[in-house]
Amino acid sequence: MKLIIATIKPFKLEEVREALTTVGVRGMMVSEIKGFGSQSGHTEIYRGAEYAVNFVPKVKLEIVVQASMAEQVVSTIASTAKTDKIGDGKIFVLDVESALRVRTGETNDDAL
Amino acid sequence: MKLTKYLSVGAALTLLPTFALAQDAAPGFDEIGPYIMTTLLFLVGGFLVFWMAAGFAMLEAGLVRSKNVAMQLTKNIALFSIAAIMYWLVGFNLMYPGDFNGYFAPNFVPTVLEPVGLGAADAALDYASVASDFFFQLMFVAATASIVSGVLAERIKLWPFLIFVIVLTGFMYPITGSWQWGGGWLSEMGFSDFAGSTIVHSVGGWAALAGAIILGPRLGKYKDGKVNPMPGSNLALATLGTFILWLGWFGFNGGSQLAAGTVGDITDVGRIFANTNMAASAGAVAALILTQILYKKVDLTMVLNGCLAGLVSITAEPLAPSLFGALVTGAIGGVIVVLTVPMLDKLKIDDVVGAIPVHLFAGIWGTLAVAFYTGNWGAQITGIIAYGVFTFVVALVVWTILKGIMGIRVTEESEINGLDVTELGMEAYPDFSKG
């Protein structure tokens, strides 16, 4: 099993979810986050004083899938979330040791 | 507000026998109509100005950070209520002592209303009921105190602030108010301030400026030579508050005609409403355009301040100008705000809601502008200086004493965690922080 962590632009969330559902992803975790990468921050003016906005809002997806599906999930996210502008996000893939479905006690691939 | 001269209860009683002789026929509407109309003007004007307390509360709630909103609301309802009690206890009779042209009125006595079911023969038919006059005037002193609360938000302790409000509303404001509206030395000199650009707004601004200097800026506001903005929690509330103030201002300026019983007077009230509205619009548009030019983006908080500055500017003379004159007066008020908000930051004077530019600086401008209509520059400048020196110096002394006796600033930890949790133990928006 693989854990795929992806950060994407918030407005892309719905589009990415649809695309992932189409390729067979049956669940994901979503959180609203702030961070900085190469997009870095920008400056704003409030009542005549300039200030730096150092963290940019993003959405973080966490998806656990069978190892065989991981590559397809990564490429689906990448192609859907891409805008060709700075700040499109990053995708990480990690190994997952075990999984358990709380209701039934099923484990690993059966629990996904 | 024009000089008020109503018959005191005592004077009315001495006239009683004369009236009684001629009382066989009930008085016609020609006799009592003006009294009824003016009293009605005070009541309508009074509840409009009362509603400005809601406007100040919403404006300030929106411009402070969410961790201080409940405290700001507490201060607003407390200061209004204290002002109302102090104005009954000493303020009203101190400010309007009747025949008086001195510097300090000696009347430290509570207000007494007319008896229930007053007969026409006993009423001050050339003016309005004492109760309506008292009700109307006390709303103005509350506005003065609201100005102070906005400037000192997010760092001042509740009780020292409220003690200052007692001194301001019970003594400082009525004493200086009597110089002009009570028939004192400034009114003898020809100073003119129709509804209180100086007497109400600048006085609040001066008291707040003294407080801001003694209290110091919020933690982290000025760091390493840079200004660190602290955006407000809710611009929808701030905008609602501004619209409420705008509405209330029709009563503030219109009611200050102090008469509605003739064609001339009621027409003047209409003229004042229209001019007041024009000045507010011009102040907002001026700030809208100026922030776009200066910062490449419109700053809503500045537009709100610009609108209020337009209102403050026209308050000293809302009757004489044409609509175009009101537009110019208000627009200059809006420009003053946009230019002076960053100036205060340069001086490291932390004014959370922009009340010093709005009420003090635009108030000075509005009071000066009266001279374009009266020609009496000397009286206008004397008035501005007199109100400024008295209020600023007395406020500095009072703030310094309060600081020495009980401390006026919350602890560093309280300020960081927010006054809502540390001082009140409740939050304005608990769902957001704990949800």
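The values are calculated or read from the model by the stated rules, or taken from the named source; none is laboratory data. Only a predicted model underlies this, so the values are computations on that prediction, with no experimental measurement involved. Cβ atoms come from the backbone with ideal geometry, glycine included; neighbour counts cover every protein chain shown.
Conditions tested, residue by residue: (1) farther than 30 Å from B:Gly264 by Cβ; (2) surrounded by 19 or more Cβ atoms within 10 Å (Cβ to Cβ).
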| residue | (1), (2) |
| --- | --- |
| B:Gly33 | no, no |
| B:Val49 | no, yes |
| B:Phe56 | yes, yes |
| B:Ala61 | yes, yes |
| B:Ala70 | yes, yes |
| B:Ile77 | yes, no |
| B:Tyr96 | no, yes |
| B:Asn107 | yes, no |
| B:Pro110 | yes, no |
Evaluation of B:Ala153 against (1) over 30 Å from B:Thr242 (Cβ atoms); (2) in contact (Cβ under 8 Å) with a residue 12 or more places away in the chain; (3) not in a helix (DSSP H, G or I) (one fails), failing number: (1)
Selection within the range B:346-379 - in a helix (DSSP H, G or I), more than 13 Å from chain A (Cβ to nearest Cβ) and within 19 Å of the chain's Cα centre (by Cα): B:His359, B:Leu360, B:Phe361, B:Ala362, B:Gly363, B:Ile364, B:Trp365, B:Gly366, B:Thr367, B:Leu368, B:Ala369
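Could you pull out the residue among B:Leu59, B:Leu15 that is at pLDDT 95 or above and of a type in the set (A, V, I, L, M, F, W, C)?
On the way: B:Leu15 fails: at pLDDT 95 or above.
Just a single option satisfies the conditions, and that option is B:Leu59.
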Condition check for B:Val338: touching a His at 6+ places or on another chain (Cβ under 6 Å), crowded, with 24+ Cβ neighbours inside 10 Å and closer than 30 Å to B:Leu73 by Cβ: no
Selection count where residues are under 30 Å from B:Gly425 (Cα atoms) and assigned to a helix (DSSP H, G or I), scope the range B:37-93: 35
Complete set of residues in the range A:69-99 that are surrounded by 12 or more Cβ atoms within 10 Å (Cβ to Cβ), in contact with a helix residue (DSSP H, G or I) (Cβ under 8 Å, 6 or more places away or on another chain) and more than 18 Å from A:Ile33 (Cβ to Cβ): A:Val73, A:Thr76, A:Thr80, A:Thr83, A:Val93, A:Ala99
Any hit, the range B:186-193, residues being crowded, with 21+ Cβ neighbours inside 10 Å, over 26 Å from B:Met58 (Cα atoms), of a type in the set (D, E, K, R) and out of contact with any Pro (no Cβ under 7 Å at 6 or more places or on another chain): yes
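Somewhere in the range B:408-421, is a residue closer than 25 Å to B:Phe164 by Cβ, within 14 Å of chain A (Cβ to nearest Cβ) and modelled with pLDDT of 95 or more? I'd like the intermediate steps shown before the answer.
Step one: list which residues in the range B:408-421 are closer than 25 Å to B:Phe164 by Cβ, which gives B:408-421.
Within this subset, residues satisfying the condition of being within 14 Å of chain A (Cβ to nearest Cβ) are none.
No: the range B:408-421 contains no residue that is closer than 25 Å to B:Phe164 by Cβ, within 14 Å of chain A (Cβ to nearest Cβ) and modelled with pLDDT of 95 or more.
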Number of the exception - B:Lys348 against (1) at negative phi; (2) surrounded by fewer than 15 Cβ atoms within 10 Å (Cβ to Cβ): (1)
Residues that are of a type outside the set (A, V, I, L, M, F, W, C) and within 15 Å of B:Ala259 (Cα to Cα), drawn from the range B:112-135: B:Asp126, B:Tyr127, B:Ser129, B:Ser132, B:Asp133
Subset of the range B:250-304 that is touching a helix residue (DSSP H, G or I) at 6+ places or on another chain (Cβ under 6 Å) and of a type in the set (Ser, Thr, Tyr) - its residue that is nearest to B:Pro357 (Cα to Cα): B:Thr291
The lone exception for B:Lys403 - which of (1) charged (D, E, K, R); (2) within 24 Å of B:Val165 (Cα to Cα); (3) surrounded by 18 or more Cβ atoms within 10 Å (Cβ to Cβ) it fails: (3)
Test: residue in the range B:202-222 that is in contact with a Ser or Thr (Cβ under 7 Å, 6 or more places away or on another chain), surrounded by 18 or more Cβ atoms within 10 Å (Cβ to Cβ) and under 23 Å from B:Leu73 (Cβ atoms): yes
